[in-house]
Amino acid sequence: VKIFETYNLSPPTLDEYRQEITASFMKFYYKHGFAPNFSGQGEDGDSKALNVIRKKYYTENGDKGNIRPDATRTVFNLRSMRIKVGIVSAEIESSLFDKLNSSDLHRLFDSQFVMAQIWGDKGPALLEMCEKLDVSPGNTIYVDDTVDGTGSAKKAGLLPIGFGHETGYNSEDRLRSVTPLIAHELFEVLSLVGGINRARNRP
């Protein structure tokens, strides 16, 4: 909304955003009123112009976003199940570490297992994280609220779980186009992991 208001354009609805936005986000903005090459520096220049607004907004409003209340419990329980956990995120690095450090999660993560600002195809970063954690991609799940992230995980050989909460980046039906495994709250990942393990251990 802030981006559209800055350019005196009417923003689309939140539902339209969640149904249409992808990592190639300029396609969305062009569709909804932005003139191609409005920056005079091509699509890369256009995206940089919008990212300036986005980063300023995040800086000014970062204190309004919080780690989900069940995140610490979920990660603690996964680790109690002897499941290694890492983070591969598109979040701005400083913002991500600020959030982690302001919660109990900081006790559960070594910084070497946290990768931020992974934009576009997350596949290479996911495989790098698997190597760091010493786990095979085929024995790794990846939770993401975007079709880009879940799609990258699937192509890299990981098992994607879509995070279908109503505040997620993409809608649940879009996530289901990539994976049938959906969690609406983080703690639901625990039962999904348990079900996956049981299915794999059946004779």
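The values are calculated or read from the model by the stated rules, or taken from the named source; none is laboratory data. The structure displayed is predicted, hence computed values, not measured ones. In this analysis, Cβ positions are derived from the backbone assuming ideal geometry, glycine residues included, and neighbour counts consider all displayed protein chains. Just the protein is used for accessible areas: all its heavy atoms, side chains included, with ligands, DNA and RNA removed. Shrake-Rupley method; radii C 1.70, N 1.55, O 1.52, S 1.80 Å.
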>> Could you check the spin-label model distance between ASP70 and LEU14? Points 7 Å from the Cα along Cα→Cβ, value in nm.
In response: 1.9
> Karplus couplings for segment 43-58 from phi (6.51 cos²θ - 1.76 cosθ + 1.60, θ = phi - 60°), rounded to Hz, Gly and Pro as x?
Replying inline: 5, 4, x, 4, 5, 5, 4, 6, 5, 4, 5, 4, 5, 5, 5, 4
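Can you tell me the length gained on complete extension of the stretch ASN37 to VAL52, counting 0.36 nm per residue apart and subtracting the Cα distance? Don't skip to the end; give the middle numbers.
Numbers: separation 15, 0.36 × 15 = 5.40 nm, distance 1.60 nm.
Here the segment from ASN37 to VAL52 would lengthen by 3.8 nm.
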>> Using a 7 Å offset from Cα along Cα-Cβ at ARG107, what residues in segment 37-73 end up with backbone N under 16 Å from the label point?
In response: 70-73
>> Let me check something: with ligands and nucleic acids excluded, how do HIS184, HIS32, HIS106 order by accessible area (1.4 Å probe), largest to smallest?
In response: HIS106, HIS184, HIS32
> So which lysines can LYS56 reach, going by Cα to Cα under 19 Å and dropping same-chain residues fewer than 8 places off?
Replying inline: LYS2, LYS48, LYS64, LYS99
> What spacing in nm lies between the two simple spin-label points modelled at LYS154 and ARG79, each 7 Å away from Cα in the Cβ direction?
Replying inline: 3.2
> How far is helix 188-201 tilted, in degrees, relative to the longest principal axis of the Cα atoms in the chain, given as a value from 0 to 90 rounded to the nearest 10?
Replying inline: 50
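At 25 °C and 0.890 mPa s, grab the translational diffusion coefficient of the chain from Stokes-Einstein with a Kirkwood Rh over Cα pairs, rounded to a whole number in µm² per second. Write out the running numbers ahead of the final one.
Working: Rh = 18.4 Å.
After rounding, the answer is 133 µm²/s.
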> Once Lys and Arg get +1 and Asp and Glu get -1 on their Cβ, which of VAL85, ASN101, ASN66 lies farthest toward the positive end of the dipole of segment 65-132?
Replying inline: VAL85
> Got a number for the accessible area of LYS2? Probe 1.4 Å, square angstrom, nearest 10.
Replying inline: 110
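First compute the accessible area of the chain with a 1.4 Å probe, then give the percent of it belonging to carbon and sulfur atoms. List each step's numbers first, then the result.
Values: 6110 of 11980 Å².
For the chain, the apolar C and S fraction of the accessible surface comes to 51 percent.
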> For PHE113, what accessible area in Å² do you get when you roll a 1.4 Å probe over the heavy atoms of the protein chains, rounding to the nearest 10?
Replying inline: 50
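What is the extension gain from ASP173 to LEU192, computed as 0.36 nm multiplied by their sequence separation minus the C-alpha to C-alpha distance, in nm to one decimal? Display every interim value, and only then the final one.
On the way: separation 19, 0.36 × 19 = 6.84 nm, distance 1.84 nm.
Contour length minus the Cα-Cα distance gives 5.0 nm.
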>> Could you work out the pair-distance distribution P(r) of segment 57-133 from its alpha-carbon pairs, with 5 angstrom bin width and percents rounded to whole numbers?
In response: 3, 14, 24, 24, 20, 11, 3, 0
> Between ASP134 and ASP63, what is the spin-label point distance in nm, taking each point 7 Å from the Cα along the Cα→C-beta axis?
Replying inline: 4.3
> To the nearest 10 square angstrom, what accessible area does PHE97 show with a 1.4 Å probe?
Replying inline: 60
> Per 5 Å bin from zero, what fraction in whole % of the C-alpha pairs of segment 101-168 is there, up to the bin with the longest pair?
Replying inline: 3, 16, 24, 22, 21, 11, 2
